[in-house]
Amino acid sequence: MRNKVEICGVDTSKLPVLKNDEMRELFKKMQEGDGSAREKLVNGNLRLVLSVIQRFNNRGEYVDDLFQVGCIGLMKSIDNFDLSQNVRFSTYAVPMIIGEIRRYLRDNNPIRVSRSLRDIAYKSLQVREKIVAETSKEPTSEEIAKELGVEPEEIVFALEAIQDPVSLFEPIYNDGGDPIYVMDQLSDEKNLDVHWIDEIALKEGIRRLNDREKMILKKRFFQGKTQMEVAEEIGISQAQVSRLEKAAIKQMSKNIGSS
């Protein structure tokens, strides 16, 4: 009981393991129309699905969901496996299971990507695999673009679009102490130390003004109103608003300088 793990109601500790000769016999029976043989093949390869979904444990997806999607890939590989080919079933099935899970993750990605962009990306991956198989070299975006008849920039954009998003809080290095996260490596021009220090000084400078000066600066620079509009609102002349505004700015500059 200690090793029991249940996924989708399946007790994984009791999953059967088929030998190669058993697999071949079951495939022959299935292809002859024996439905129970197919069911035995599925149940006998569920451990294969379990081993594959472990690669996706860090995606934040429910294990049950990944297991079910992996089972779809398993059943597709069982239905399409060719006994005449000199290849082990697991060698054929694992890429299909992985592909099914990746397709599920892409389709459920919170960042929506247009269908046309996805099509270019998937075709690019197919062309890449073809070129690698033929030349044993990684193709450039220009080579893939030439094969598909599109601009190289479109290949780059499309492949970037289908990449899984990375959390800003994902650790990228840990030497045993505090980890370094992705966000620690990003620069933020809006949140530099000098900016928030200036903001603190500005708030302190405004805080020392009197209520009328604060009100005029708020209406002028935060609400975007003209001096004439401010004058009408508070019942004084535009010239008075202008003098009070200049005096407030001058006083605020002194306040900031003395902070």
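Quick look at the numbers
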read-out: Helices (runs of 4 or more DSSP H) fully within the stretch 14-73 counting 2 or more residues that are open to solvent by 20 Å² or more (accessible area, probe 1.4 Å) and polar (S, T, N, Q); value: 20-31, 35-43
read-out: Test: Arg118 is of a type in the set (Lys, Arg), at pLDDT below 90, open to solvent by 30 Å² or more (accessible area, probe 1.4 Å) and touching a helix residue (DSSP H, G or I) at 6+ places or on another chain (Cβ under 9 Å); value: yes
read-out: Residue within the stretch 213-228 that is over 49 Å from the mean Cα position of the chain (by Cα) and open to solvent by less than 50 Å² (accessible area, probe 1.4 Å) present; value: no
read-out: Residue within the stretch 89-101 that is open to solvent by 100 Å² or more (accessible area, probe 1.4 Å) and either at pLDDT below 85 or assigned to a helix (DSSP H, G or I) (or both) present; value: no
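Here is a yes/no grid of residues against (1) more than 20 Å from Arg106 (Cα to Cα); (2) modelled with pLDDT of 90 or more; (3) of a type outside the set (Val, Ile, Thr):
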residue	(1), (2), (3)
Cys8	yes, no, yes
Thr12	yes, no, no
Leu15	yes, no, yes
Leu18	yes, no, yes
Glu22	yes, no, yes
Asp64	no, no, yes
Ile78	yes, yes, no
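The values are calculated or read from the model by the stated rules, or taken from the named source; none is laboratory data. Just so it is clear, the model here is predicted, and its values are computed rather than measured. In this analysis, Cβ positions are derived from the backbone assuming ideal geometry, glycine residues included, and neighbour counts consider all displayed protein chains. These area figures cover heavy atoms from the full protein model, side chains too; ligands, DNA and RNA do not enter into them. Shrake-Rupley method; radii C 1.70, N 1.55, O 1.52, S 1.80 Å.
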